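Written out below as C-alpha cells is the structure these notes cover.
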Amino acid sequence: MSRVKYKKGDEVTIICGKDKDKTGRILKIFPASQKVIVEGINRVKRHRKPTQKDQHGGIKEEERPIHWSNLLILCPSCKKSARIGVRVLETGERVRFCKQCNGIVDK
Ligand SMILES: [Zn+2]
C-alpha cells in the first residue's frame with residue numbers, strides 16, 4: 001500500500017469530475033481503498049427509508065468518497081494546488097512538503 005499523503009483537515013482542490021476546481025476539507029480517509037470524503041464534494045442524493053430514529057426518511061444529500069488521485073492538496077504556503085512529497089528532517093521527523101514552493105505542508 002502506498003504511503004498516505006493526505007490527512008484529515010487538509011484543504012484540497014478537486015482536479016476532475018463534476019466538482020472540478022472546487023475546494024474543501026478532508027473529512028475522512030479510507031487508506032485501503034485510497035479514497036477520501038471531502039466536505040461539500042461529490043454530494044449525492046440518497047433515498048432513505050424511514051427508521052425508528054428518523055421517522056421521515058426521504059431524500060438526503062451526503063458526500064460520497066472519491067479516489068484521492070482526483071485531488072491535490074492546497075498548499076498553505078503558496079496557496080496553489082500542489083503535488084505533495086514526503087521528506088525526512090534531520091530530527092528524523094517525516095514531514096510533507098509542497099513540490100511547487102518546497103514549503104512544509106504540515107504545521
Ligand atoms: Zn506551496
Number of the exception - LYS60 against (1) away from the ligand (no atom under 16 Å from the Cβ); (2) under 19 Å from THR23 (Cβ atoms): (2)
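Got a sec? Which of GLY9, GLY24 is within 19 Å of ARG83 (Cα to Cα), in a loop (DSSP other than H, G, I, E, B), in contact with a strand residue (DSSP E or B) (Cβ under 8 Å, 6 or more places away or on another chain) and small (Gly, Ala, Ser)? Even if it seems obvious, please write down each step before you answer.
Working: GLY24 fails: in a loop (DSSP other than H, G, I, E, B).
Just one listed residue meets the conditions, GLY9.
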Complete set of residues in the range 55-66 that are over 15 Å from ILE14 (Cβ atoms) and open to solvent by 40 Å² or more (accessible area, probe 1.4 Å): GLN55, HIS56, ILE59, LYS60, GLU61, GLU62
The one condition in (1) within 16 Å of the ligand (Cβ to nearest atom); (2) under 18 Å from VAL4 (Cβ atoms); (3) open to solvent by 50 Å² or more (accessible area, probe 1.4 Å) that ALA32 fails to fulfil: (1)
Residue ID - farthest from CYS101 (Cα to Cα), chosen from residues in the range 48-61 that are touching a strand residue (DSSP E or B) at 6+ places or on another chain (Cβ under 6 Å) and at pLDDT 85 or above: ILE59
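The values are calculated or read from the model by the stated rules, or taken from the named source; none is laboratory data. Worth saying up front: this structure is predicted, and the values here are computed from it rather than measured. We place every Cβ from the backbone using ideal geometry, glycine too, and count neighbours over all the protein chains shown. Calculation scope for accessible area: heavy atoms of the full protein, side chains included, ligands and nucleic acids excluded. Shrake-Rupley method; radii C 1.70, N 1.55, O 1.52, S 1.80 Å.
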